[in-house]
1. Which of the residues spanning segment A:75-111 are in contact with a strand residue (DSSP E or B) (Cβ under 8 Å, 6 or more places away or on another chain), within 14 Å of chain B (Cβ to nearest Cβ) and outside any helix (DSSP H, G or I)?
2. Please determine, by comparing only the residues of segment B:201-239 that are charged (D, E, K, R) and closer than 26 Å to B:Tyr421 by Cα, which one is farthest from the other protein chains (Cβ to nearest Cβ).
3. Being in a helix (DSSP H, G or I), modelled with pLDDT of 75 or more, surrounded by 15 or more Cβ atoms within 10 Å (Cβ to Cβ) and basic (Lys, Arg) is the requirement here; does B:Arg675 meet it?
4. Kindly evaluate B:Thr480 against the criterion of being over 30 Å from B:Asp270 (Cα atoms) and within 12 Å of chain A (Cβ to nearest Cβ).
5. A:Gly4 is checked against (1) more than 9 Å from chain B (Cβ to nearest Cβ); (2) surrounded by fewer than 20 Cβ atoms within 10 Å (Cβ to Cβ); (3) over 26 Å from A:Phe193 (Cβ atoms) and fails just one. What number does that condition carry?
6. Please note which helices (runs of 4 or more DSSP H) are completely contained in segment B:76-135 and include at least 2 residues that are closer than 19 Å to B:Arg193 by Cβ and within 32 Å of the chain's Cα centre (by Cα).
7. Restricting to segment A:291-301, name every residue that is buried (at least 18 other Cβ atoms within 10 Å of the Cβ) and farther than 12 Å from A:Val200 by Cβ.
8. Within segment A:135-145, is even one residue among the hydroxyl-bearing types (Ser, Thr, Tyr) and under 30 Å from A:Arg244 (Cα atoms)?
Amino acid sequence: MSDGPLIVQSDKTLLLDIDHPLSTECRRAIAPFAELEKSPEHIHTYRLTSLGLWNARASGHDAEQVIDTLLKFSRYAVPHALLLDIAETMGRYGRLRLESHPVHGLILISTDQAVLAEVMRAKKVAPLLGAKVDDETVTVHPSQRGHLKQALLRLGWPAEDFAGYVDGQAHDIALNEDGWKLREYQKLAAEGFWHGGSGVVVLPCGAGKTLVGAAAMAHAQATTLILVTNTVAARQWRDELLKRTSLNEDEIGEYSGSKKEIRPVTIATYQVMTTRKKGVYAHLDLFDSHDWGLIIYDEVHLLPAPIFRFTADIQSRRRLGLTATLVREDGMEGEVFSLIGPKRFDVPWKEIEAQGYIAPADCVEVRVTLTDHERLTYATAEQEEKYRSCATTATKKNVVLALAKQHADDQTLIIGQYISQIDEIAADLGVPIVKGDTPIKEREELFAKFRTGEVKCLVVSKVANFSIDLPEASIAIQVSGTFGSRQEEAQRLGRILRPKADGRGARFYSVVARDTIDQDFAQNRQRFLAEQGYSYRIIDADEVLPR
Amino acid sequence: MSDAFPSFAGELRERSDEDLALLFSARPDLITPVPADMTALSTRATSAPSLLRALETLNQWQFQVLEVCAALADPFTSKEVVALSDPAAELVVKHLHKIALIYRDGSGYRMPRAVRDILGNEPAGLGPQSASPIDFKVIKKAPEAAQAVLNKLIWGPPRGQVGDIRKKGTPIEWLLENNLLIPIDTSTVALPREVGIFLRGNKVHQELMITQPQLEGPQIRNADIERASLAAISNTLRWVEELMNFWSEETPNALQSGGLGVRDLKKASDHLGVEENCTAFVAELAYLGGLLCVEADGRILPSTNFDLWQNKEPEEQWRELVELWKLTSRVAGLVGRTESRNITALSTELDRSNAALIRALVLDLLLANPGIAPTVKSAQKAILWRYPHRRGISITAELVEWTLREAEWLGITGGNALSVYGAKFIKDEDSLGINSALPKPVDHILVQADNTAIAPGPLTIEIARMLSTFADIESRGGATVYRFSESSIRRGLDHGHSAEEIKTFLSKTSKTQIPQPLEYLIADVAKKHGKLRIGYANTYIRCDDQAMITAILNDKKLEHLNFRQIAPQVLISDTESDETMDELRRAGYFPSGENSKGSVVNLPIQKRSKSRPKPPRIIGEITKPSEQMLTAALRTLRTGERAAKKKPVGEIPRTTANETMDLLNEYLGKGVSLRIGYADANGGVSLRIIDPLSISLGTLVAKDHATNAVTPFKIARITGVTTA
């Protein structure tokens, strides 16, 4: 029996012992076909899924290679049935192929007539197909390419897509590596994406996903549409592109609530794209307004439903999804994979931290004991009001104020869900606040002041959950959130993960009311980060409050 | 014997001790129990059950030769058999003689009537013998239509139906005229045996199956076989353990009709993460091993044997179960089938008499073909050659498939080819080498910040048991992933562990530091746990917190329990304490039970059946007799013979009912005189000398020498028969 670092479980999870000398080699070997599920301190969990195995086939790995890798690194004997299952699953890939035919256009081909017959009979697939050319070929409506691929995937007969991508309108874009260099993992991520054609890159917050986007644009050398969460993020993208690439101001357009510019590189917000006028999505035409060579979806975990639907129609364009946290409480991760593309790159947060590209973080859960009066109010609250009742108590606010005072010298963000609560906190501390109704201009000014250190403490609502680049923020105090959202917690931690000039670590406080639903939500919220190896420290509010 | 030909019993009598010993070891049922003398032996050897057993030992080739013998009229020679089949048949004829399916008559052989009866009137699809001479040359001149009729009948069945055989101008008429067909009745004709053989080209069978079909399938590398087999061995042992532990927690109830219900089977399959047929197999395995018990009240519980079994080394555990699997007549593969009703695991409907035989044949086949992973089809072909017989509805082919499947689950094979462990097991070697090949148990875990603990290998029993009381298993395999949650910790406290105990255990067993959130989790649950205590004496609740007592007393959800407050800190109720406990938990409290001395009562950790395990009995074949048994049997027989010979003439013969029938049948209508003892209506027995003529409706019709008249004798009154 070998003494490898990998343990293959019967439920198709792979446990990787990262303290093992061969763990790095093993990680590299299994990364192409196994999906990283979680990466806590000692044992990382990967999972073998059909999708993962098919992606591996798509990028040129065959079943034999996969099986050899498992056998090579496995610590214990691998069940035979599991190996057979892998071979069988991988064997299903490529029996169907999508190709471009000079006469018939887009066609679905199979050398296995039985498979073709099976999928043609399937209710969900039949309407997407056109006329039968011969026993092995059937035409496909070009606009249905994405839908067809999705439907076939669900049937368990993934089609290999040889129909290629349109190049889009060419446009010169180069990285301007002056005084900085693309990091190794950023380079790998961009290349991984480019070779795969389309897909999602998962990198921790603060690890420079914008640059991965820029590098992908440099690969594509074509007009690019970038979709971002909000206007502030759009402007940050523009600034970053101006600084890091050969693009100039005239080449970059902003398509948002306030401006409607269409330029070779256009940055649009999800919000404007999904705005409806008289029930019609007025701006979805933007996708067709230009012969885009590349479409980038920033924070792809937030992709709204209308864009999902539209994305299915533009399968011939290259698509890059960027995210730090591909967990959706609505369970739509699978949709992201099948429409944008499979996960092309993923790396444990702690590994980037070890390389020094994100700041180490100390996560602290501050447990607050509510007063008897507050407990009574909580106990009698209606079910749907329970969370609000315990999350917005005065006791909690006092703890937040005490924490803010303790860190008066640090750049501090106070993040909350309920506007009345954060208004109160801002007023008590006498610090500015950024929330939904703060005008863009004022927001930008405040963020700029915060970056320079003129403003030391900022209270923000959930508008600042994502994409807001505040490099010097080192303390975050979370007072309330969107119930048990795992990705929100991670994104909020992400706000303070940019490496600090003096190498300081960051600290993330989550203030939680003891023995209430707040504590249950906190446990769920922390799961993603715990699985990424962030260990929460629990302290009692008494340690914070002035005596 | 004064007849023109020797009797079967007579021939047996003349066999040497060595030959008889060979016969007995081939057909052990002949001396179980040992018959009194040679007549009794010959009767048993030609009885239907014994003959069926003997036929089942034949492979397809031997059976074909037997059919050729049956196609020939008595007496026949080895040469005649060879002429109709293949030179290799000569050896087989000798074997058939050895096992007494045919007996010797000078230089030729005869086949006992009973054997012919069992093979049927139409051996190998050949018709009856013709009574009239046949001119084979005439066949060539047969008109086309007649030729077509013959062609239809060549390979059997040899009978054909026509409207009326007497109709003029038909090919049938022509064939009947030329003796190429025999009339059976007014609408049925048959192809005479001689014509059939002639048309078959002087052969009996279309294709002779002289050798066993080759196993087909890919050659597997030894390393791969061993790997797969080890994984399977540890999987099976884990499955058994998991299933027993699961049923100790969530005990299923047997169906009214016996056996494990479909829903419980599915639940257990979900728990094990395997297919239902595999779960049924594992359950059967545990049942065979006496690891579980079906209680009188229907609960299916692990037995105390399970605890003993768990403490054994893996090799011993495995061997114990596999031995039983090899011998059992129960067929787990049948579970889920519908015959007269649904067949369920652990039920009484799983026995199939030839299961163990087929299993043994499959294992032998694997042993003879090392490294080959046989396809199911080729294995079925090979086994059906080796065992072509059908007893009732045959499931031989399925049995082969299931045996291969189960052998793979058990790790006897790995990747479907025989593993070194399986080979050693079949050869019954002392040490199989499993213990040294399986991973060593680990005695530590790794606790991680996401509230999971990982055992990076099989855990030692003590640690696994303790851990599973307060952690849920999330993933199984080479390693085990445990998850801690509020409810799992609560379960641990329910089992009587204190928070301190759990923490100490974790820090002692974990190689890594216990993350602070986990310590908090344990402390939080412990803090809430056991605030309430419930006792048996008419169920009381006491709690130091008077407010809580008041809360419970006023809790609308608990109103139906009718609590009464008997002291500021104590409530009582008439409801059963279990129910009260459940209701309180449901209402969101964390009660724990206490006994009359005021200390907390712990739930039993693992439930065990109180009855003694009664593993299903094994319906097996009669085992091969030992050397000693053979000698003893021979001695008994020979003594019996001598005693029989000493019987003075004039004494009233005494034979058993079987022997009586046998002798009467043998001499029926042959003009031989027999002496019989005959009881009259008053019970007085007299000696009669008779010539038996026919038997019908329990009556022997014979010519009585005393009266010289044909007289009916009631067979039931005949006390014995002997030749005059």
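The values are calculated or read from the model by the stated rules, or taken from the named source; none is laboratory data. Bear in mind that the values here come from a model prediction, so they are computed numbers and not experimental data. We place every Cβ from the backbone using ideal geometry, glycine too, and count neighbours over all the protein chains shown.
1. A:Arg75, A:Tyr76, A:Val78, A:Pro79
2. The residue in question is B:Glu216.
3. It is false that B:Arg675 is in a helix (DSSP H, G or I), modelled with pLDDT of 75 or more, surrounded by 15 or more Cβ atoms within 10 Å (Cβ to Cβ) and basic (Lys, Arg).
4. Taking the combined requirement at face value, the residue does not satisfy it.
5. So A:Gly4 meets the others, but not (2).
6. B:113-119
7. If the condition is that a residue be buried (at least 18 other Cβ atoms within 10 Å of the Cβ) and farther than 12 Å from A:Val200 by Cβ, then A:Trp292, A:Gly293, A:Leu294, A:Ile295 are the ones that fit.
8. no
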